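One structure below.
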Amino acid sequence: MPTPLRLPASLRLLAVVACGSVAVAAIPETAERFSRGPLIVVSIDGLRPDYVREADRYGLRIPELRRLLREGASASGVSGVLPTVTYPSHATLVTGVAPARHGILANRPFDPLGTNRDGWYWYAEDLRVPALWDAASAAGLRTSSVDWPTTVGARIDWNVPQVWRADTPDDAKLVRAVSTPGLLAAAEREIGPWPYGSTGSLSRDRRMAAFSAWLLRVKKPRLHFAYFASLDEEQHRSGPGSPATLRTLEALDSLVGELRRAADPMGEPTIAVVSDHGFAQANQDLFLNEALLREGLLTRDAAGQVVEWRAQAWLAGGTVAILLKDPRDDATRARVAALLTRLKREAGSAIERVLTEQEAIAEGGFPGAAFVVGLRPEAAPSRLAASRNGLHPVGPQHGEHGYLPDNHDMDAAFLLAGPEVPKGADLGRIDMRDVAPTLAARLSLSLPAAEGRDRLQPSRHARF
């Protein structure tokens, strides 16, 4: 993304970021607003809203999240994007637009021949609209981030992006290379080494929190982004609501408190806890690429690598997009449609709904896909090649997300507390596109490209 214009925050301005014809508006800061503490945005991947709002039912000890619920505003649920997976959701959380518009369409770009070698949407230049950090930069506000998705190369003052390649110590070198020059070295001298790799373990999240707290104490940003992955990983492993899942959330709750305390000396902070999606139980896998292989629509070599294709599945958790090599190939489109109809009619079918290209675009996801297949909550697509198509048991404790966003189990969480945030306000079920403009308003910023709105204006809220 081209470098946005940086002007003093005291000036009334409209900063135009060259990203198509999209503008970022910076509302002038008053002295009173500028003296307030920072806005800290904490993403807990896979946090279901009922874990917080019904904590007693789960027997959860989460005092920090309960404090936000009591002292601020929260949503009963956040209706997600298509697909309800990590990277498209995080891009929507900071831009306020749907994936079809911001350009982060899944966790991984479509890679039919595997030439990207499992690369993800790591790079901020893939965002087609301005993000919160662009608006803050245009207003002269200092920003920082630790491990937030799609931030390699982002206009963030102190940036430690999320990126990995081999899950070896060399991954730490990669992170140093793409972070703000000298930042990781300075932090590591005080708090120890950066945890390399992609594994979303709780021990890794504790290290991430230490780096975030260091940034808050030492750099004193006005806007900070922090990301924790271990709850998502545990739910994939043991399922939503499992004892291990609840223990992980209790540990993450303490990390939220750690960040709040690190920011306290800067003035009363505004804390936002967000998530990208919920979770559902999944006990079966579905191999759609295997079905396309049997249909003669793709070909693999002896090593299982795709060497030719006419149609291929692009996997995103509980949603699968089917792309055609030639979008004008009506014969292949008809064959895929007939295959999906047949699979959906089978007894015990894992397919809940098939969206046409036009229906997917209307839902804001997967532009260019011939079809989008929404799976039933108990099913999940396999990332790997399989010896057969259809359903395959994977165990009753497996958790999954990515299902169509009208499934309330996919609802994400949103909690916000701080100055001028009404206490105990129930925002109801909101759209994920509302989060970015709501956060922007807390910094006297606006995002004209956003498709959502500030949910605290007008301030008419029910109370718990």
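Of all the residues in the stretch 286-311, those that are assigned to a strand (DSSP E or B) and either buried (at least 23 other Cβ atoms within 10 Å of the Cβ) or in the same structural domain as ARG108 (by TED's automatic domain parsing) (or both) number 2.
Residue under question is ALA135, and the condition is that it be buried (at least 19 other Cβ atoms within 10 Å of the Cβ), within 15 Å of the chain's Cα centre (by Cα) and either within 17 Å of ALA316 (Cα to Cα) or at pLDDT 95 or above (or both); does it hold? Considered against the rule, which asks whether it is buried (at least 19 other Cβ atoms within 10 Å of the Cβ), within 15 Å of the chain's Cα centre (by Cα) and either within 17 Å of ALA316 (Cα to Cα) or at pLDDT 95 or above (or both), ALA135 comes out as no. Within the stretch 425-447, the set of residues being at pLDDT 95 or above and small (Gly, Ala, Ser) comprises ALA425, GLY428, ALA436, ALA440, ALA441, SER444.
Anything in the stretch 154-193 that is among the charged types (D, E, K, R), touching a helix residue (DSSP H, G or I) at 6+ places or on another chain (Cβ under 7 Å) and under 20 Å from ARG108 (Cα atoms)? List them, or say none.
The one that is among the charged types (D, E, K, R), touching a helix residue (DSSP H, G or I) at 6+ places or on another chain (Cβ under 7 Å) and under 20 Å from ARG108 (Cα atoms): ARG165.
For the stretch 272-284, the condition holds for no residue, the condition being that it is of a type outside the set (D, E, K, R), outside any strand (DSSP E or B) and over 23 Å from PRO83 (Cβ atoms).
Let me confirm something: among THR92, THR115, which residue is in the same structural domain as VAL273 (by TED's automatic domain parsing), in a loop (DSSP other than H, G, I, E, B) and farther than 19 Å from ALA425 by Cβ?
Values: THR92 fails: in a loop (DSSP other than H, G, I, E, B).
On inspection, the qualifying residue turns out to be THR115.
Taking the stretch 141-164 as the range and being out of contact with any strand residue (DSSP E or B) (no Cβ under 9 Å at 6 or more places or on another chain) and surrounded by fewer than 17 Cβ atoms within 10 Å (Cβ to Cβ) as the test, no residue passes.
Rundown of residues vs (1) within 26 Å of GLN235 (Cβ to Cβ); (2) at pLDDT 95 or above; (3) within 15 Å of the chain's Cα centre (by Cα), yes/no style:
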residue	(1), (2), (3)
HIS90	yes, yes, yes
VAL94	yes, yes, yes
GLY103	no, yes, yes
ALA106	yes, yes, yes
ASP118	yes, no, no
LEU127	no, yes, yes
GLY140	no, yes, no
THR143	no, yes, no
ASP147	yes, yes, yes
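Is it the case that the stretch 324-338 has a residue that's under 28 Å from the mean Cα position of the chain (by Cα), outside any helix (DSSP H, G or I) and either at positive phi or surrounded by 15 or more Cβ atoms within 10 Å (Cβ to Cβ) (or both)? Scanning the stretch 324-338, I find at least one residue that is under 28 Å from the mean Cα position of the chain (by Cα), outside any helix (DSSP H, G or I) and either at positive phi or surrounded by 15 or more Cβ atoms within 10 Å (Cβ to Cβ) (or both), so the answer is yes.
Scan the stretch 226-241 and tell me whether some residue there is of a type in the set (Ser, Thr, Tyr), crowded, with 23+ Cβ neighbours inside 10 Å and farther than 17 Å from ALA210 by Cβ. Walk me through how you get there before you give the answer.
Going through the stretch 226-241, the residues of a type in the set (Ser, Thr, Tyr) turn out to be 227, 230, 238.
Right, trim to crowded, with 23+ Cβ neighbours inside 10 Å and you get 227, 230.
Then keep just the ones that are farther than 17 Å from ALA210 by Cβ; that gives none.
Looking for residues that are of a type in the set (Ser, Thr, Tyr), crowded, with 23+ Cβ neighbours inside 10 Å and farther than 17 Å from ALA210 by Cβ, one finds none in the stretch 226-241, hence no.
The rows are residues; the columns are (1) hydrophobic (A, V, I, L, M, F, W, C); (2) at pLDDT 95 or above.
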| residue | (1), (2) |
| --- | --- |
| GLY197 | no, no |
| TRP214 | yes, yes |
| VAL218 | yes, yes |
| LEU223 | yes, yes |
| ALA226 | yes, yes |
| ALA229 | yes, yes |
| GLN235 | no, yes |
| PRO243 | no, yes |
| SER254 | no, yes |
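Within the option set ALA154, ALA185, being under 27 Å from TRP214 (Cβ atoms), assigned to a helix (DSSP H, G or I) and small (Gly, Ala, Ser) holds for one residue only, ALA185.
The values are calculated or read from the model by the stated rules, or taken from the named source; none is laboratory data. Predicted model, so just to flag it, every value in this text is computed and none were measured. Positions of Cβ are backbone-derived with ideal geometry, glycine not excepted, and every protein chain shown enters the neighbour counts.
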